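This structure is in structure tokens; I'll ask about it shortly.
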């Protein structure tokens, strides 16, 4: 009679450390995740390959609606603008635009993408310090909102509108002390030293320039909602001052982005899921400050938000496979995964939550997670507690929707495919896996190197 | 390879080394290796036995048993 074999788990032995626990207490145990929006992880990898980025349209939509509700419940005029640099895959952008988001772009390339995605020119916010004259000309023609970043840009813009006799809708980017250290003062004009007001005076002296808004971008992954409160109050006061001095009603205040997602920053004592402010807390800080600032009720400016990370991080997953388990010189375990920091760029910033896909026993071990690159910096997690995994086992990296699919690098290995799981739980490829041909198509070989 | 005679091994996978005062835990597959070592089995016999008892491939088993035996050496639980 055939006897059934016992399920196998890699043999593990661990030394017990008695005494006082460390400040981190017991390691947290992450539940396995075998399924994303009705699709098994194994089936997705089998169909689309490993590694693989997956975006959940359900989570994306819910996060957007939650953010929209958080602000519209507190303030009468709100507009979200999708931050293209966070994730500019066309399918992703189109979901946001269908949900009602405008486009916020920071380059000519992103501007072209927004137009191709069907966004009206007047609903494109053109940020960034590197706009060319040709790009500005196009933005003027399309009546886009041009956010002036520096004086040289103003001069180019002034020349263009005066040459063409066409008016431009503009805002200025303002930086200020909001209690954040280090203070972000590289974007736009400083408020405290008077530079911002000087630029406003110059803009107001050009008939063809219509100052419609004020913009700020106070930081990234800002954990202090108080900083937004300060920024919103200062921007409001500036708008009121402009009204008083130039009789110009500022139509909108754009508070930029920078809201934290649920990721855990490296070195953070608490998990991001527990410690980072909710979108409601950011909304409360910003909306209260504007409402208290002294605007007439019928002159409240439109509030624009350009949050990227907080809207998309949670809808993104990176699926991958274990290539090998190995033992380091000091006895620690290590896994080599089939994706590295070239694909998971945010591994430099976060201790990403990583799950297994199968239910394992009680055994967990401390380990390091490496990528497949032949580079010492290719570390996905310096320290994590996971069950004893082996070659071929699958892992799921959570909260990867922001910046990875734009900042990823084709380095040593190819960038993976991206799959969108729609609201009916059907997966669609929205970006193909790169191949050698993809890369070589951009290369040219001079004649003298073509033979022999 | 042999486990030091003075190492106490419980049925639940708890190990105690009276010479150093260190305690260890091991999971069921690790405990099975310890038991077979205690019975004086060599590596190839251990591999054959585990292959009969556990649902896994030979290469995986061979790599993992090598790693486990290295860890026993690392923790100084073995004698020649």
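The values are calculated or read from the model by the stated rules, or taken from the named source; none is laboratory data. Note that the structure is a prediction, hence the values are computed from the model and not measured. We place every Cβ from the backbone using ideal geometry, glycine too, and count neighbours over all the protein chains shown.
Residue by residue, here is whether (1) within 14 Å of chain B (Cβ to nearest Cβ); (2) in a loop (DSSP other than H, G, I, E, B); (3) under 25 Å from the mean Cα position of the chain (by Cα) holds:
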site	(1), (2), (3)
A:376	no, yes, no
A:389	yes, yes, no
A:392	yes, yes, no
A:395	no, no, yes
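If I ask for residues that are within 23 Å of residue B:12 (Cβ to Cβ) and part of a strand (DSSP E or B), which ones from segment A:353-374 would you list?
Within segment A:353-374, A:365, A:366 meet the criteria.
Residue-by-condition table, conditions (1) free of Cβ contacts under 8 Å to residues at least 40 places away in the same chain; (2) in contact with a helix residue (DSSP H, G or I) (Cβ under 9 Å, 6 or more places away or on another chain):
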position	(1), (2)
A:63	no, yes
A:77	no, no
A:83	no, yes
A:89	no, yes
A:97	yes, yes
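Let me ask something else about it. Go through segment A:154-193 and give me each residue that's closer than 18 Å to residue A:230 by Cβ and without any contact (Cβ under 8 Å) to a residue 12 or more places away in the chain.
Of everything in segment A:154-193, those that are closer than 18 Å to residue A:230 by Cβ and without any contact (Cβ under 8 Å) to a residue 12 or more places away in the chain turn out to be A:181, A:182, A:183, A:185, A:193.
Follow-up question, since we're still on this one. Looking for whichever is surrounded by fewer than 19 Cβ atoms within 10 Å (Cβ to Cβ) and either touching a strand residue (DSSP E or B) at 6+ places or on another chain (Cβ under 6 Å) or assigned by TED's automatic domain parsing to the domain that holds residue A:346 (or both) here; the options are A:254, A:185, A:274. Which one fits?
Of the residues listed, the single one that is surrounded by fewer than 19 Cβ atoms within 10 Å (Cβ to Cβ) and either touching a strand residue (DSSP E or B) at 6+ places or on another chain (Cβ under 6 Å) or assigned by TED's automatic domain parsing to the domain that holds residue A:346 (or both) is A:185.
With the condition kept exactly as written, say whether any residue in segment A:281-295 is over 12 Å from residue A:75 (Cα atoms), part of a helix (DSSP H, G or I) and either touching a strand residue (DSSP E or B) at 6+ places or on another chain (Cβ under 6 Å) or assigned by TED's automatic domain parsing to the domain that holds residue A:348 (or both).
yes
Count, please, the residues in segment A:211-230 that happen to be part of a strand (DSSP E or B) and surrounded by fewer than 18 Cβ atoms within 10 Å (Cβ to Cβ).
0
Hey, another quick one. Among the residues of segment A:263-270, are any within 30 Å of residue A:168 (Cβ to Cβ), modelled with pLDDT of 95 or more and crowded, with 22+ Cβ neighbours inside 10 Å?
Within segment A:263-270, not a single residue is within 30 Å of residue A:168 (Cβ to Cβ), modelled with pLDDT of 95 or more and crowded, with 22+ Cβ neighbours inside 10 Å.
For segment A:72-128, name all the residues that are crowded, with 16+ Cβ neighbours inside 10 Å and assigned to a loop (DSSP other than H, G, I, E, B).
Result: A:74, A:75, A:87, A:88, A:89, A:101, A:106, A:107, A:117, A:119, A:127, A:128.
Same structure again: With the requirement that a residue be in contact with a helix residue (DSSP H, G or I) (Cβ under 9 Å, 6 or more places away or on another chain) and surrounded by fewer than 20 Cβ atoms within 10 Å (Cβ to Cβ), what does segment A:334-351 give you?
A:345, A:351
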